[in-house]
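Engineer: Dropping the structure in here first, questions after.
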Amino acid sequence: RFEEALQEARQVDRLLAEGPGDEYLEQFPLLGVPITVKEAFALHGMPNTSGLVSRRNVVAASDATVVSRLKQAGAIPLGVTNCSELCMWYESSNRVYGRTNNPYDLQRIVGGSSGGEGGVLAAACSVVGVGSDIGGSIRMPAFFNGVFGHKPTTGVVPNDGQFPNARGVRTSLLCTGPMCRYAEDLEPVLRVMAGPGVDKLKLNEKVSLEKIKFHCMDHDGGSVFVSPVDKELLEAQKKVVEHLEGELGVQVQRVAIHKMKYSFQIWSATMSSKDGDGQDAQLFTDLLGDHGKPVWPLWELVKWLVGMSSHTLPAIALGLTEKVMKLNPGGNAKLVSMGQSLREELEALLGPDGVLLYPSHPTVAPRHHFPICRPFNFAYTAIFNVLGLPVTQCPLGLSREGLPLGIQLVAAPYNDHLTLAVACYLEKAFGGWVLPGKG
């Protein structure tokens, strides 16, 4: 919507030329700031397909709640950005728009499902992005593209106005949050997104970094489903620990939380479990059909093999996995219970003043199509959706290949202010976002 955006920008210029700017900035904290919006969110007059061919002609007639709040705060939307089909895969590629490439290396993925946001922010096409995250969909793109992303404490920022939206138990996993190049932008955007619920996040509390109890975990304990963590990522995390200990004089406590090894299984079981009212989770195959006939994943696989399916292979594979998960309800119940126990363990560990350093992903941005070979590597982010904890994704410079490095900063519920403060500190220490091509 470039023409409309330019008109809105001119209006802002006229407004500021006519009178004092301070009162406007109080009323409109994001006055004139260009933003982009993940295409899964409704932005009036823009497509809202979520990469689904059957929704190719769907145009949003209204704004999602967070989009409306950002507009009211003075932000100017430039347009919508690509995501994976139905937002359920960590490569942003679909049969409506095609594939999004990583600005640091066009042969690499941008991540998903908020991958278009990660790409446009890294390439300096936009200042702030609107993302959503049910298994790492803000944090993986932020990591692969070397920008900042924040998954807030669950239940504070509204998820209304996106497709697909969460139902049943998944409402406790889905989070909407900000993505941006500079750490200091996360807080003002989060304030606007959270609206009346913002006070729960303690963003007005001053943070003394020296008083934070830092914990560090190098990997998940060795899950058979997930790749080992790259040596360069382990080195980057070690440098963070050394910097915190050397500069702040804190002692970073190494921890080994056994249940993290089962992150993928816990997330997967929780996603397909019933909610407190006994309502079944919405089937992914129903969503693929989008109010039409449910999709038969095995038949879609046959069609895909001969180039006739309108769905991506990851979406078909997810539909097949969903069928398999339904075969073991007893095992799933045990895993859901393990997740609840893990939440209690982590909340007790972190308390009111703790921050956990944890890898964002086992590898730097992989090459296109590689995720299909390692479909469960998103477990490093997904576990925190189950636990409902706030997490800030923080870039840590570039690898020897020129690809972004990074780390997750995790706190107990409603302690978003702690992870945001640490992200600002690490940005100064490690340089934050690096312009692609300048590494």
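Engineer: Just to be sure, is Tyr414 hydroxyl-bearing (Ser, Thr, Tyr), open to solvent by 10 Å² or more (accessible area, probe 1.4 Å) and touching a helix residue (DSSP H, G or I) at 6+ places or on another chain (Cβ under 9 Å)?
Structural biologist: The answer is yes for Tyr414.
Engineer: Open to solvent by less than 40 Å² (accessible area, probe 1.4 Å), in contact with a Gly (Cβ under 9 Å, 6 or more places away or on another chain) and farther than 22 Å from Ala315 by Cβ: which single residue out of Val66, Val59 fits that description?
Structural biologist: One residue alone meets the criteria, Val66.
Engineer: What's the number of the only condition in (1) under 22 Å from Glu401 (Cβ atoms); (2) touching a helix residue (DSSP H, G or I) at 6+ places or on another chain (Cβ under 9 Å) that Gln107 fails to meet?
Structural biologist: (2)
Engineer: Turning to a different aspect of this structure: Mind listing whichever residues of the stretch 247-266 are open to solvent by less than 70 Å² (accessible area, probe 1.4 Å), under 21 Å from Asp220 (Cα atoms) and not in a helix (DSSP H, G or I)?
Structural biologist: Scanning the stretch 247-266 gives Val252, Val255, Ile257.
Let's see how each residue does on (1) open to solvent by 50 Å² or more (accessible area, probe 1.4 Å); (2) touching a Ser or Thr at 6+ places or on another chain (Cβ under 8 Å); (3) touching a residue at least 40 places away in the same chain (Cβ under 8 Å):
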position	(1), (2), (3)
Arg343	yes, no, yes
Leu346	no, no, yes
Leu350	no, no, yes
Asp353	no, no, yes
Tyr358	no, no, yes
Ile372	yes, no, yes
Phe378	no, no, yes
Leu389	no, yes, yes
Gln393	no, yes, yes
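Engineer: Looking at the stretch 148-161, is at least one residue open to solvent by 30 Å² or more (accessible area, probe 1.4 Å) and among the aromatic types (Phe, Trp, Tyr)?
Structural biologist: No, the stretch 148-161 has no match at all.
Engineer: For a quick check of your reading of the model, give me the residue pairs whose first member lies in the stretch 217-246 and is over 16 Å from Leu357 (Cα atoms), whose second is among the basic types (Lys, Arg) and open to solvent by 50 Å² or more (accessible area, probe 1.4 Å), with beta-carbon atoms closer than 8 Å and at least 6 apart or on different chains.
Structural biologist: Close Cβ pairs (under 8 Å, with a partner that is among the basic types (Lys, Arg) and open to solvent by 50 Å² or more (accessible area, probe 1.4 Å)) amount to Gly222/Lys261; Ser223/Lys261; Val226/Arg374; Ser227/Arg374.
Engineer: Would you be able to tell me the number of residues in the stretch 196-226 that are exposed (fewer than 14 other Cβ atoms within 10 Å of the Cβ) and modelled with pLDDT under 95?
Structural biologist: Final tally of qualifying residues: 1.
Engineer: Please go through the stretch 267-325 and pick out each residue that is modelled with pLDDT under 75, charged (D, E, K, R), assigned to a helix (DSSP H, G or I) and surrounded by 17 or more Cβ atoms within 10 Å (Cβ to Cβ).
Structural biologist: Glu322
Engineer: Pick from the stretch 112-142 the residues that are part of a loop (DSSP other than H, G, I, E, B) and among the hydroxyl-bearing types (Ser, Thr, Tyr): which of them is surrounded by the fewest Cβ atoms within 10 Å (Cβ to Cβ)?
Structural biologist: Ser126
Engineer: Just need a number here: residues in the stretch 13-61 that are part of a strand (DSSP E or B) and in contact with a Cys (Cβ under 6 Å, 6 or more places away or on another chain).
Structural biologist: Going through the stretch 13-61 one residue at a time, the tally reaches 1.
Engineer: Any idea which residue in the stretch 72-111 is most open to solvent (accessible area, probe 1.4 Å), counting only those that are at pLDDT 95 or above and of a type in the set (Asp, Glu)?
Structural biologist: It comes out as Asp105.
The values are calculated or read from the model by the stated rules, or taken from the named source; none is laboratory data. Not measured: the values here are computed from a predicted model. Please note: Cβ atoms are built from the backbone with ideal geometry, for glycine as well, and neighbour counts cover all protein chains shown. Side chains included, ligands, DNA and RNA excluded: accessible areas come from the protein's heavy atoms. Shrake-Rupley method; radii C 1.70, N 1.55, O 1.52, S 1.80 Å.
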